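Encoded as structure tokens, the structure appears first; notes follow it.
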Amino acid sequence: MTGTPRNDDPPAGGRWTQDDLARAFETERPRLLNVAYATTGSLAEAEDCVQDAWLRLRRLEDPSAIRDLAAWLTTTVGRLALDALGSARVRRERYVGPWLPEPLVGDAVAGDPADRVTLDESVSMALLVVLERLSPAERTAFLLHDVFGVPFDEVAEVVGRTPVAVRRLASRARKHVEEGLPRFPPTYGEQRELVAAFMAACRGGDLDRLVGVLDPDVTLRGDGGGKVPAVSRVEGGAEQVARMLLGFAAHPSVEARVADVNGAPGLVMLDPTGVLTVMAFTVDAGRIIAIDAIRNPDKLPGLRF
């Protein structure tokens, strides 16, 4: 969880200069990107929302009139992200195959760092996929209040509802999220070990070993966006999913490495045709319950194997 926005008081003298604003804004930028990315599921759209918020801030005649700059920026970005999400929903109706959020890929961390005892709920792929089942208003109310600590009266201004209505939206969303997320999530180190076992089973073409790390009701989603081949619908069942994975990952020319995907160990793979795949894993009670494979090159800009 990212927590309640800080109160950024104006500098001594009570007025913001452009340099003061720029420094304060850069301090808030990482959290603002999290707000917009968690809302839209797109880093590109999140960056657009944050940049738009900065432009709006600069155009204010008297920024010093803002009592809490962090809160103002959070609600502004939240409103922009909600608008972007509404437009994106229309585009997704025409999307080819399953739609998955754009992954955040970084270097995997060895061991089990103390600050990663549990996975980062604010941007985890598991949470983002669950959020796709909510209405834009429910998603925004839940994220702003439950994840980013914005009071209900301020959330109400973002979604255009009363505070009472926003409480109901957040409550319904919270129930769906609790039902959709793992009950017994792993530590970072536990998931890293499970992903390593998954990769070893795939490389060795070991069906039984692969089935052993999968939950009996595991689901596989693939997002190629019509740009590259991918599974055209959600697949389920440990043996069915394992056979599909071995048909792809056991190929001797497929390369794979462990990477950090939305705060958790995942995989980056390169197939013989040069197409990249990012695999995000959702784990519950020591078994993989969901695999999300993002292959659409538009969602992997700048990613290298």
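The values are calculated or read from the model by the stated rules, or taken from the named source; none is laboratory data. Quick caveat, the model's predicted, so the values are computed rather than measured. Using ideal geometry, Cβ is built from the backbone for each residue, glycine included, and neighbour counts are taken over all protein chains shown.
So the values come out like this:
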quantity: Matching option when the condition is charged (D, E, K, R), in the same structural domain as residue 285 (by TED's automatic domain parsing) and modelled with pLDDT under 95, among 203, 221, 209, 243; calculated: 203
quantity: Some residue of region 207-220 being charged (D, E, K, R) and crowded, with 18+ Cβ neighbours inside 10 Å; calculated: yes
quantity: Some residue of region 231-240 being modelled with pLDDT under 95, buried (at least 16 other Cβ atoms within 10 Å of the Cβ), closer than 22 Å to residue 300 by Cα and touching a helix residue (DSSP H, G or I) at 6+ places or on another chain (Cβ under 9 Å); calculated: yes
quantity: Criterion (surrounded by 15 or more Cβ atoms within 10 Å (Cβ to Cβ) and in contact (Cβ under 8 Å) with a residue 40 or more places away in the chain) met by exactly one of 138, 154; calculated: 154
quantity: Verdict on residue 5 being at pLDDT below 90, crowded, with 21+ Cβ neighbours inside 10 Å and not assigned by TED's automatic domain parsing to the domain that holds residue 156; calculated: yes
quantity: Top-ranked residue in region 109-121 [being surrounded by fewer than 20 Cβ atoms within 10 Å (Cβ to Cβ) and not charged (D, E, K, R); ranked as modelled with the lowest pLDDT]; calculated: 117
quantity: Qualifying residue in region 243-256 (condition: free of Cβ contacts under 8 Å to residues at least 24 places away in the same chain and under 23 Å from the mean Cα position of the chain (by Cα)); calculated: no
quantity: Hey, residue 281 surrounded by fewer than 21 Cβ atoms within 10 Å (Cβ to Cβ) and among the aromatic types (Phe, Trp, Tyr) or not; calculated: no
quantity: Elements of type strands (runs of 3 or more DSSP E) contained in region 234-285, each with 3 or more residues being of a type in the set (D, E, K, R); calculated: 255-261
quantity: All positions within region 249-282 that are in contact with a helix residue (DSSP H, G or I) (Cβ under 9 Å, 6 or more places away or on another chain) and on the phi > 0 side of the Ramachandran plot; calculated: 262, 263
quantity: Long-range neighbours under 7 Å by Cβ, at least six apart or interchain, first residue at pLDDT below 90 within region 87-99, second among the aliphatic types (A, V, I, L, M) and loosely packed, with under 13 Cβ neighbours inside 10 Å; calculated: none
quantity: Condition check for residue 174: outside the structural domain of residue 224 (by TED's automatic domain parsing), within 14 Å of the chain's Cα centre (by Cα) and at pLDDT 95 or above; calculated: no
quantity: Looking only at region 30-67, and only at residues there that are touching an Asp or Glu at 6+ places or on another chain (Cβ under 7 Å) and in a loop (DSSP other than H, G, I, E, B), the one that is surrounded by the fewest Cβ atoms within 10 Å (Cβ to Cβ); calculated: 42
quantity: Residue in region 257-266 that is crowded, with 22+ Cβ neighbours inside 10 Å and either of a type in the set (Val, Ile, Thr) or without any contact (Cβ under 8 Å) to a residue 40 or more places away in the chain (or both) present; calculated: yes
